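Have a look at the structure below, then the notes.
The values are calculated or read from the model by the stated rules, or taken from the named source; none is laboratory data. The shown structure was predicted, so the numbers you read here are calculated from the model rather than taken from an experiment. As a convention, Cβ positions derive from the backbone with ideal geometry for all residues, glycine included, and neighbour counts pool all protein chains shown. Please note that ligands, DNA and RNA were not included when accessible areas were found on the heavy atoms of the full protein model with its side chains. Shrake-Rupley method; radii C 1.70, N 1.55, O 1.52, S 1.80 Å.
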Amino acid sequence: MSSELKIPFAEILKKAEEYKPEMTRFLRDMIAIPSESCDEKKVVLRIKEEMERVGFDRVDIDPQGNVLGYMGHGKRIIAMDAHIDTVGVGNLDNWTFDPYEGYENDETIGGRGASDQEGGMASMVYAGKIIKDLGLEDDYTLVVTGTVQEEDCDGLCWQYIINETGLHPEFVVSTEPTDCNIYRGQRGRMEIRVDVSGISCHGSAPERGDNAIFKMGPILNELKELSSHLGDDEFLGKGTLTVSEIFFTSPSRCAVADSCAISIDRRLTWGETWEGALDEIRALPSVKQADARVSMYNYDRPAYTGLVYETECYFPAWQIPEDHLVTRTTSECFELLFDKKPLVDKWTFSTNGVSIMGRYNIPVIGFGPGKEPEAHAPNEKTWKDHLVKCAAMYAAIPGMYLHNLQK
């Protein structure tokens, strides 16, 4: 294989190391721009500016607000994705530094979005520059996407991109944090709501009413029991269920509550379906006794552009085989760049792969800077050497894929 291979792995890695200061600067610029879901415009414009500066052939912003940079003009379409929205910062008392001013030292970069997941964008953009610098363009078009609203509704951006723009890559590299390991799947998830109705009355005579909060109590207990009997998969792991929110209505603090509702975060392992997840809750005796309504949430929040692209809050589990061409290609790149075998694993959390692979069966492989435990946490950080490793991988993967197709 190596005698036929014309990818200069050592030069790619050297170039990636040379661009470490530029990637650091770019990442810190992105961190400094607050970019929570549906408020990503300023960071999208900053990314567009950097893509144009390093020499992308074309840069577009679509009507949903996603930024797409194109490198090359070949017939094989390969995409690499980073969502560039972040969660909020939470309680600032839990941070030891300003989450937007951030910090850097010799090894790490701190700030909201450092690992989740603007670091991936920094590495992708400079992978494009490495491809240009070293003349690695071939019969492929690389599309680098900075996608919006992922933290609100993972995969919505790719539903829009595939359905409305017609982009249909042969595979996608997700740059969500993997600690520079290779990830090939994740559990799915869905957002469920359970509603119980009651009848209000004066709190001094509660027997005159029907307390919706009391009716919800047995449901909570049975949900806790149900959570220990969900599906399991050897690779993706167990399905899980947790109650994440509770709501009620009542005329006053001196009245019986006339409604109660809960939100459920349901993680779906391989073989579990959204229909089955709803039905197993509807089958609970307490749900039947309370005549509770069990439903799935919908998402209809406008993007920063004003566009509303409504979808149900269902995000399918997905995986690709360990011997899949895309998995093998990525693993071979890793070995040839770093002279060791990669760890091939899975994400615990959810990614845009729920749409790309889960809905549309386009293979997704994960390789990203940063670590999962940094996501959504105070004092979030990423590692400079991760940016370098990932930029090198992203520059090498397209050529390696073409090489493997010709074998």
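Quick notes on this structure:
- Taking the charge dipole of the chain about its Cα centre, with +1 at Lys and Arg Cβ atoms and -1 at Asp and Glu Cβ atoms, the residue from Ala395, Phe26, Val256 reaching farthest to the positive side is Ala395.
- Stretchable slack from Glu335 to Lys14, in nm (0.36 nm times residue separation minus alpha-carbon distance): 114.0 nm
- Whole-number percent relative contact order across the chain, with pairs defined as alpha carbons under 8 Å at least 6 apart: 26
- Computed across the range 10-59, the Kirkwood radius stands at 12.2 Å (inverse of mean 1/r, all Cα pairs).
- Volume of the Cα convex hull of the range 123-180, divided per residue and given in Å³: 108
- Helices in the chain, meaning DSSP H runs of at least 4 residues, each add -39500 (n - 2.57). Divided by all residues, the mean residue ellipticity at 222 nm is -9500 deg cm²/dmol.
- Solution diffusion estimate, µm²/s, Stokes-Einstein, the range 70-142, Kirkwood Rh from C-alpha pairs, 10 °C, viscosity 1.306 mPa s: 109
- Cα pair count fraction exceeding 17 Å, expressed as % - the range 259-367: 68
- Working note: Debye formula, equal point scatterers on the alpha-carbon atoms of the chain, no solvent; log10 I(q)/I(0) at q = 0.10, 0.12 Å⁻¹ is -0.69, -0.94.
- With all pairs of separate Cα atoms included, the range 280-336 yields a Kirkwood hydrodynamic radius of 16.2 Å.
- Rg/Rh ratio calculated on Cα atoms of the range 14-98 (Kirkwood radius): 1.02
- Applying a DSSP loop filter and a limit of 13 other Cβ atoms within 10 Å to the GluC sites (Glu not before Pro) in the range 182-281 leaves Glu234.
- Counting only protein heavy atoms and a probe of 1.4 Å, the accessible surface of the chain is 48% carbon and sulfur.
- Rg and Dmax, both from the Cα atoms of the range 205-304 and both in Å, are 16.2, 54.
- Per-residue 3J(HN,Hα) values for the range 98-104, derived from phi via the Karplus relation 6.51 cos²θ - 1.76 cosθ + 1.60 with θ = phi - 60°, read 5, x, 9, 5, x, 7, 9 Hz in sequence order (x marks Gly and Pro).
- For Trp318, nonlocal amide neighbours, meaning residues 5 or more places apart or on other chains whose placed amide H falls under 5 Å from its own, are Gln186, Gly188.
- For the chain, DSSP calls about 70 percent of its internal beta bridges antiparallel.
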